[in-house]
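Okay, so here's the structure we're looking at.
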Amino acid sequence: MNIIVIEDHEVLREVTIAALQDMGHIVEGIESAEALPVLLEGFQANIMVLDLNLPGEDGISLAQRLRKSHPEIGIIMVTARMELDDKLAGYQSGADIYLTKPTSIEELGAAVQALSRRLMTWSKTSLQLAVDPRELTGKERIRALHQQLIQTSGKLPTLDELAVQYGATPRKLNEAFAAQYGLPIVPYITDYRLQQAHAAVENTNIPLKILADRFGYSHVNHFIAAFKKRFAYPPGTLRKELDHKSSDTLP
């Protein structure tokens, strides 16, 4: 999962980020709701872990906005507020899971895992179950296509399959997608996945073979070749450099 931790306590935020990264997730952390829009421009989050007592906009208000603007995102609230009214307000604002502090890393990890299973099921079925893309018009149809592409792991549908699903010719679908997102479908999603892969290689120890499968490559060597072509160095070199820098900072 791609996770954003929104917590104004710096030490707690860094500990939470490190623990979730050790579990194999890609994690970013910020200190306030006001910092979120900039981060979301370059990071597609699956789950938000947020505190309620944030400086500026509080967690309840933020959850309400997120639930309206990003209904597909999972929201886990972690807060010291233990009263029943606080919990009800959290769930009513859009939280999927409400945890009270002090929360163990194991409990948070279990909550993320449980929510991940539901989100993975949602990403594979929701568009088909909730709405027929052919019933959408204009930009709504292309936004639905974009959402499907970035949330699907593993092998993607072919352009011909997408054209049938979205009720357009491959050329028209590509043209409409490029007009809205700047690139045709295949170059766009290829670059998006490689950017996600780079973050995963940089921030986690997930084996390259698993990453290759997650990002739709039939063989790890194909993934390594595509990564090297995009970034001018292979993923293994990136990890070795990071390991070397890390060892240099040890006392």
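The values are calculated or read from the model by the stated rules, or taken from the named source; none is laboratory data. Predicted model only: the values in this text are computed from it and were never measured. Backbone-built Cβ (ideal geometry, glycine too); neighbour counts: all protein chains shown.
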**Request:** Filter the stretch 28-64 down to residues that are among the β-branched types (Val, Ile, Thr) and out of contact with any Ser or Thr (no Cβ under 8 Å at 6 or more places or on another chain) and give me whichever is modelled with the highest pLDDT.
**Result:** ILE30
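Report yes if LEU183 is modelled with pLDDT of 90 or more, under 19 Å from ARG230 (Cβ atoms), surrounded by 13 or more Cβ atoms within 10 Å (Cβ to Cβ) and touching a Lys or Arg at 6+ places or on another chain (Cβ under 6 Å), otherwise no. Reasoning before the result, please.
Values: modelled with pLDDT of 90 or more: yes; under 19 Å from ARG230 (Cβ atoms): yes; surrounded by 13 or more Cβ atoms within 10 Å (Cβ to Cβ): yes; touching a Lys or Arg at 6+ places or on another chain (Cβ under 6 Å): no.
Against the criterion (modelled with pLDDT of 90 or more, under 19 Å from ARG230 (Cβ atoms), surrounded by 13 or more Cβ atoms within 10 Å (Cβ to Cβ) and touching a Lys or Arg at 6+ places or on another chain (Cβ under 6 Å)), LEU183 does not qualify.
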**Item:** Test for TYR166: is it hydroxyl-bearing (Ser, Thr, Tyr), crowded, with 17+ Cβ neighbours inside 10 Å, modelled with pLDDT of 85 or more and within 30 Å of LEU238 (Cα to Cα)
**Value:** no
**Message:** surrounded by fewer than 17 Cβ atoms within 10 Å (Cβ to Cβ), out of contact with any strand residue (DSSP E or B) (no Cβ under 7 Å at 6 or more places or on another chain) and not polar (S, T, N, Q): is that true of ALA110 in this structure?
**Reply:** yes
**Prompt:** When you scan the stretch 94-112, how many residues do you find that are in a helix (DSSP H, G or I) and either more than 14 Å from ILE75 (Cβ to Cβ) or not assigned by TED's automatic domain parsing to the domain that holds ALA63 (or both)?
**Reply:** 5
**Request:** Any chance you could count how many residues in the stretch 1-41 are in contact with a Pro (Cβ under 9 Å, 6 or more places away or on another chain), buried (at least 16 other Cβ atoms within 10 Å of the Cβ) and of a type outside the set (Gly, Ala, Ser)?
**Result:** 1
**Request:** Starting from residues that are out of contact with any Pro (no Cβ under 9 Å at 6 or more places or on another chain) and of a type in the set (A, V, I, L, M), keep the ones in the stretch 201-226 and report whichever is modelled with the lowest pLDDT.
**Result:** ILE206
**Request:** Considering only the stretch 21-93, give the helices (runs of 4 or more DSSP H) lying wholly within it that have at least 2 residues that are under 22 Å from the mean Cα position of the chain (by Cα) and of a type outside the set (Gly, Ala, Ser).
**Result:** 36-40, 59-69
**Fill in**
Within the stretch 1-18, the residues that are in contact (Cβ under 8 Å) with a residue 60 or more places away in the chain and touching an Asp or Glu at 6+ places or on another chain (Cβ under 9 Å) are ASN2, ILE3, GLU7, THR16
**Item:** Boolean, PRO207 is loosely packed, with under 15 Cβ neighbours inside 10 Å, within 17 Å of ILE26 (Cβ to Cβ) and under 22 Å from the mean Cα position of the chain (by Cα)
**Value:** yes
